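Enquirer: A single structure is presented below for examination.
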Amino acid sequence: MKNKRTGTLISIQDSLVKARFYGDVIMGETAEITVDGKKLQAEVLQITTDPKNEDAGIAEMQVFEDLTGAKIGDTVEFKQDALSVLLGPGLLTSIWDGLQNSLYPLSEQDSYLKPGLKAPALDEEKLWEFTPTAEIGDALKGGDIIGWVMEGRFEHKILVPFTIGTCILESIIDKQSLTIKEVVAVVKDEQGIRHELKLVFRQAVKSPIPFKDRSIPNKTISTGVRVIDLLAPVSYGGTVGNPGPFGAGKTVMQHSLCKYALADIIIMAACGERAGEAVEVFKDFAELSDPSTGESLMNRMCIFGNTSSMPVAAREASVFIALTVGEYYRYQGYNVILLADSTSRWAQALRERSGRQGDIPGPEAFPMDIPDQIKGMYQRAGADSATGGSLTFIGTVSPAGGNFQEPVTQATMDATGGFWGLSQDRADAKKYPAIDPLVYTTSVYDSFISWEDREKILQILNEANGIDQTISTIGLKKVPVEKYELYQKGQTIDFCVLQQDAFHELDACTRPERLQIINQTVQKLIDQPMHYSTEGMDDEEVKEMIKSKFDNLRQWWKEWNTYAQDEEQIETLAIKIDQFILQEEYAS
Ligand code: ADP
Ligand code: MG
């Protein structure tokens with residue numbers, strides 16, 4: 001242990017402070033500022049020499065906690081470590097603030113988080129049964145497995161910390177139960193330094209945990225959301241930006257994914273959203289059950305709750321911390337989905353900081369390098385063929401006024417493989433989820449349905465949209481009957497398939513099997529002209545008839561979405577469509 005290195009505050013400007021220090025301080029290391037006996041966490045952003053005293057340095061820091069009460073002369077202690085997260089068993093089911101302070105014990109102490117209040121990141125009392133797998137004399141390196149514990153239903157591998165290079169295992173305990181505070185093994189590195197290993201270790205958050213063998217994501221996730229799984233699928237290890245104006249359904253979408261997306265582990269970084277919203281999430285999710293196991297949803301989750309009432313700088317930290325936890329489980333071979341809501345609030349934190357630092361601003365006052373920072377974040381997602389794990393990153397973007405031209409949305413579009421644009425018009429019309437089927441991208445080709453089928457759906461939606469515009473500008477009269485039929489088909493696909501009620505138990509989630517049945521029906525509807533007699537009717541009357549037939553179909557189908565569960569009920573969709581096309585009488 002080196003000597004304690006300290007400094008004193010010489011300037012305070014919101015969350016940005018400067019301290020004079022003597023000795024070595026490095027960029028990126030963390031510091032603690034003592035304010036009225038409380039220790040506030042900070043990170044060193046920049047170091048310069050003191051113009052008034054060449055023996056001293058000036059460290060510019062951002063403080064992650066509320067600085068109320070801080071004054072010039074307060075003591076700063078530099079911690080040598082970079083901003084880090086504690087990794088180990090107990091991560092799942094946890095709820096933290098943006099600095100990995102557990103929110104459970106804190107909420108017992110007080111109804112909300114106070115600055116400087118610290119709660120252990122992971123439960124220090126809980127016993128874990130450790131089963132060793134490495135043997136004395138084994139040559140190991142950072143990331144190698146020395147044993148495991150069961151974390152719920154997950155085999156949680158205990159790793160040599162990534163900071164340790166080549167080493168030899170000198171001792172390891174036998175199978176036994178112990179807490180995260182106890183030593184399980186000792187390794188000796190090439191410099192002859194001994195390291196005591198526990199069930200947990202700290203990991204710096206700003207540089208990624210390495211891949212063993214990075215591979216191209218190629219397995220599609222069943223998200224349960226039809227418009228996504230049909231048209232805009234995402235793969236394990238993929239990235240998606242999900243921008244939308246306020247109220248368009250970003251958070252509801254994230255919650256749907258959280259509940260229904262098939263993955264081993266879900267990490268939520270609730271970043272800068274309304275405090276009430278975050279609290280609801282915590283309560284809600286504790287009561288919900290995991291679709292694949294029936295257990296509590298929290299057993300496969302952890303949440304970083306960073307509401308708008310917490311200091312801005314902590315938002316920046318929370319995304320990195322969440323990414324690192326995701327990478328850790330990927331390294332263990334699990335499929336992890338990281339949901340970040342909203343990355344715009346994260347970017348605003350960077351903007352506030354760079355503004356205070358006096359950087360030359362880029363577009364809309366965001367830092368010049370915001371595209372690189374966003375890219376850097378999404379690049380940490382990916383699949384690993386050596387471990388079989390993946391980290392999928394789905395981030396919402398909340399552009400002011402829903403303007404997708406703004407820098408964060410644009411940079412996100414560049415950085416991500418998929419792009420789900422939520423439309424104000426669709427949200428206003430209550431067409432949820434409001435992903436605009438004409439404004440999205442995906443990097444996944446064949447998935448639950450073929451590329452050709454998808455193209456056909458898109459084509460009809462596009463044409464229907466064009467006809468819709470014709471109708472609203474020059475009127476229905478000018479639309480030929482067969483175009484009107486096509487328009488009705490497009491409307492039906494949109495209304496009955498793409499729109500989905502996130503709050504209806506059955507409708508909220510559609511699995512691939514059901515999706516394929518729906519797609520077959522949709523393809524039939526697209527391909528086949530309807531058989532009906534138009535005898536004695538003029539065009540307007542025919543259109544009216546078509547409309548009423550489609551209205552009936554839509555009503556029937558919408559209901560089917562909410563009740564059809566067993567095989568027989570599900571089958572009625574195909575029967576219904578055949579009858580509809582032939583215009584036979586059918587019972588409902
Ligand atoms: P945002 O996060 O984009 O500001 P929210 O996700 O909070 O918006 O959504 C706003 C409201 O829209 C929700 O409270 C809900 O009433 C409605 N909504 C959004 N998506 C759906 C959906 N898939 N099904 C039903 N209602 C939805
Ligand atoms: Mg929201």
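Enquirer: Do we have residue 32 as part of a strand (DSSP E or B), at pLDDT below 90 and acidic (Asp, Glu) here?
Expert: no
Enquirer: Still on this structure, please answer the following. Among the residues of the range 485-498, are any at pLDDT 95 or above, touching a strand residue (DSSP E or B) at 6+ places or on another chain (Cβ under 8 Å) and within 26 Å of residue 527 (Cβ to Cβ)?
Expert: Looking for residues that are at pLDDT 95 or above, touching a strand residue (DSSP E or B) at 6+ places or on another chain (Cβ under 8 Å) and within 26 Å of residue 527 (Cβ to Cβ), one finds at least one in the range 485-498, hence yes.
Enquirer: Would you say residue 495 is within 16 Å of ligand 2 (Cβ to nearest atom) and either of a type outside the set (Asp, Glu) or surrounded by 14 or more Cβ atoms within 10 Å (Cβ to Cβ) (or both)?
Expert: Answer is no for this residue.
Enquirer: Select from the range 118-141 the residues that are touching a Gly at 6+ places or on another chain (Cβ under 8 Å) and among the charged types (D, E, K, R) and write down the one among them that is surrounded by the most Cβ atoms within 10 Å (Cβ to Cβ).
Expert: Ranking the candidates gives 123 first.
Enquirer: Consider residue 390 carefully, then state whether it is under 15 Å from the mean Cα position of the chain (by Cα), modelled with pLDDT under 95 and hydroxyl-bearing (Ser, Thr, Tyr).
Expert: For residue 390, the condition - under 15 Å from the mean Cα position of the chain (by Cα), modelled with pLDDT under 95 and hydroxyl-bearing (Ser, Thr, Tyr) - is not met.
Enquirer: Could you tell me which numbered condition residue 487 fails, if it satisfies all but one of (1) in contact (Cβ under 8 Å) with a residue 12 or more places away in the chain; (2) farther than 26 Å from residue 221 by Cβ; (3) outside any helix (DSSP H, G or I); (4) of a type outside the set (Asp, Glu)?
Expert: Failing condition for residue 487: (3).
Enquirer: With the structure loaded, tell me whether residue 444 is away from ligand 2 (no atom under 16 Å from the Cβ), among the β-branched types (Val, Ile, Thr) and assigned to a loop (DSSP other than H, G, I, E, B) or whether it fails that test.
Expert: The answer is yes for residue 444.
Enquirer: Going by the structure shown, is residue 541 without any contact (Cβ under 8 Å) to a residue 12 or more places away in the chain, of a type outside the set (Lys, Arg) and outside any helix (DSSP H, G or I)?
Expert: Spelling it out, it is not the case that residue 541 is without any contact (Cβ under 8 Å) to a residue 12 or more places away in the chain, of a type outside the set (Lys, Arg) and outside any helix (DSSP H, G or I).
Enquirer: Being free of Cβ contacts under 8 Å to residues at least 60 places away in the same chain and on the phi > 0 side of the Ramachandran plot is true for just one of 466, 475. Which residue is that?
Expert: Going through 466, 475 in turn, just one is free of Cβ contacts under 8 Å to residues at least 60 places away in the same chain and on the phi > 0 side of the Ramachandran plot: 475.
Enquirer: Next up: Check every one of the strands (runs of 3 or more DSSP E) wholly within the range 301-406 and list those with 1 or more residues that are surrounded by fewer than 24 Cβ atoms within 10 Å (Cβ to Cβ) and of a type outside the set (Asp, Glu).
Expert: 301-306, 335-341, 382-384
Enquirer: Then there is this: Identify, by number, the condition in (1) closer than 20 Å to residue 314 by Cα; (2) touching a residue at least 40 places away in the same chain (Cβ under 8 Å) that residue 364 doesn't meet.
Expert: Among (1) closer than 20 Å to residue 314 by Cα; (2) touching a residue at least 40 places away in the same chain (Cβ under 8 Å), residue 364 violates only (1).
Enquirer: Take residue 550 and tell me if it is closer than 20 Å to residue 429 by Cα and of a type in the set (A, V, I, L, M, F, W, C).
Expert: It is true that residue 550 is closer than 20 Å to residue 429 by Cα and of a type in the set (A, V, I, L, M, F, W, C).
Enquirer: Give the range 447-484 a look and list any residue that's surrounded by 12 or more Cβ atoms within 10 Å (Cβ to Cβ) and not in a helix (DSSP H, G or I), or say none.
Expert: Selection gives 447, 448, 449, 450, 479.
Enquirer: Quick check on my filter: what residues within the range 551-570 are in contact with a helix residue (DSSP H, G or I) (Cβ under 8 Å, 6 or more places away or on another chain) and in a helix (DSSP H, G or I)?
Expert: Passing the criteria: 553, 554, 556, 557, 558, 560, 561, 563, 569, 570.
Enquirer: Determine whether residue 237 is in a loop (DSSP other than H, G, I, E, B), away from ligand 1 (no atom under 15 Å from the Cβ), within 18 Å of the chain's Cα centre (by Cα) and at pLDDT 95 or above.
Expert: Spelling it out, residue 237 is indeed in a loop (DSSP other than H, G, I, E, B), away from ligand 1 (no atom under 15 Å from the Cβ), within 18 Å of the chain's Cα centre (by Cα) and at pLDDT 95 or above.
Enquirer: Next up: Any chance the range 199-208 includes a residue that's on the phi < 0 side of the Ramachandran plot, surrounded by fewer than 19 Cβ atoms within 10 Å (Cβ to Cβ), charged (D, E, K, R) and out of contact with any Cys (no Cβ under 8 Å at 6 or more places or on another chain)?
Expert: Within the range 199-208, one or more residues are on the phi < 0 side of the Ramachandran plot, surrounded by fewer than 19 Cβ atoms within 10 Å (Cβ to Cβ), charged (D, E, K, R) and out of contact with any Cys (no Cβ under 8 Å at 6 or more places or on another chain).
Results for (1) polar (S, T, N, Q); (2) touching a Cys at 6+ places or on another chain (Cβ under 8 Å); (3) modelled with pLDDT under 90; (4) more than 23 Å from residue 206 (Cα to Cα), shown as yes or no for each residue.
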{"position": "20", "(1), (2), (3), (4)": "no, no, no, yes"}
{"position": "38", "(1), (2), (3), (4)": "no, no, yes, yes"}
{"position": "52", "(1), (2), (3), (4)": "no, no, yes, yes"}
{"position": "60", "(1), (2), (3), (4)": "no, no, no, no"}
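Enquirer: Out of (1) within 12 Å of ligand 2 (Cβ to nearest atom); (2) out of contact with any helix residue (DSSP H, G or I) (no Cβ under 7 Å at 6 or more places or on another chain); (3) at pLDDT 80 or above, the odd one out for residue 242 is which?
Expert: With (1) within 12 Å of ligand 2 (Cβ to nearest atom); (2) out of contact with any helix residue (DSSP H, G or I) (no Cβ under 7 Å at 6 or more places or on another chain); (3) at pLDDT 80 or above applied to residue 242, the lone miss is (2).
Enquirer: Separate question: Is at least one residue of the range 217-237 more than 30 Å from residue 501 (Cβ to Cβ) and in contact with a strand residue (DSSP E or B) (Cβ under 8 Å, 6 or more places away or on another chain)?
Expert: So far as the range 217-237 goes, yes, one or more of its residues are more than 30 Å from residue 501 (Cβ to Cβ) and in contact with a strand residue (DSSP E or B) (Cβ under 8 Å, 6 or more places away or on another chain).
Enquirer: Right, another one. Only residues in the range 332-357 that are more than 23 Å from residue 401 (Cα to Cα) and acidic (Asp, Glu) count as the first member; pair them with residues that are within 16 Å of ligand 2 (Cβ to nearest atom) and not in a helix (DSSP H, G or I), Cβ under 6 angstrom, at least 6 apart or cross-chain, and list the lot.
Expert: Cβ pairs passing all conditions: none.
Enquirer: Related question: What is the one condition in (1) touching a residue at least 24 places away in the same chain (Cβ under 8 Å); (2) outside any loop (DSSP other than H, G, I, E, B); (3) more than 14 Å from ligand 1 (Cβ to nearest atom) that residue 252 does not satisfy?
Expert: Going through (1) touching a residue at least 24 places away in the same chain (Cβ under 8 Å); (2) outside any loop (DSSP other than H, G, I, E, B); (3) more than 14 Å from ligand 1 (Cβ to nearest atom) one by one, residue 252 breaks only (3).
Enquirer: Among the residues of the range 407-433, write down those that are outside any helix (DSSP H, G or I) and among the small types (Gly, Ala, Ser).
Expert: 417, 418, 421, 423, 429
Enquirer: Please specify each residue of the range 148-198 satisfying the condition of being crowded, with 16+ Cβ neighbours inside 10 Å, within 33 Å of the chain's Cα centre (by Cα) and either basic (Lys, Arg) or assigned to a strand (DSSP E or B) (or both).
Expert: Within the range 148-198, 148, 149, 151, 154, 156, 157, 158, 159, 178, 197, 198 qualify.
Enquirer: So, one more: What tally of residues in the range 396-416 results from selecting those that are hydrophobic (A, V, I, L, M, F, W, C) and within 16 Å of ligand 2 (Cβ to nearest atom)?
Expert: 3
Enquirer: Run residue 419 past the list (1) buried (at least 20 other Cβ atoms within 10 Å of the Cβ); (2) modelled with pLDDT under 95; (3) within 16 Å of ligand 2 (Cβ to nearest atom) and report the number of the one that doesn't hold.
Expert: With respect to (1) buried (at least 20 other Cβ atoms within 10 Å of the Cβ); (2) modelled with pLDDT under 95; (3) within 16 Å of ligand 2 (Cβ to nearest atom), residue 419 is out only on (3).
Enquirer: In this structure, is residue 393 within 16 Å of ligand 2 (Cβ to nearest atom) and closer than 29 Å to residue 217 by Cβ?
Expert: Judged against the criteria, residue 393 is not a match.
The values are calculated or read from the model by the stated rules, or taken from the named source; none is laboratory data. As the structure is a prediction and not an experimental result, all values here were calculated from the model. As a convention, Cβ positions derive from the backbone with ideal geometry for all residues, glycine included, and neighbour counts pool all protein chains shown.
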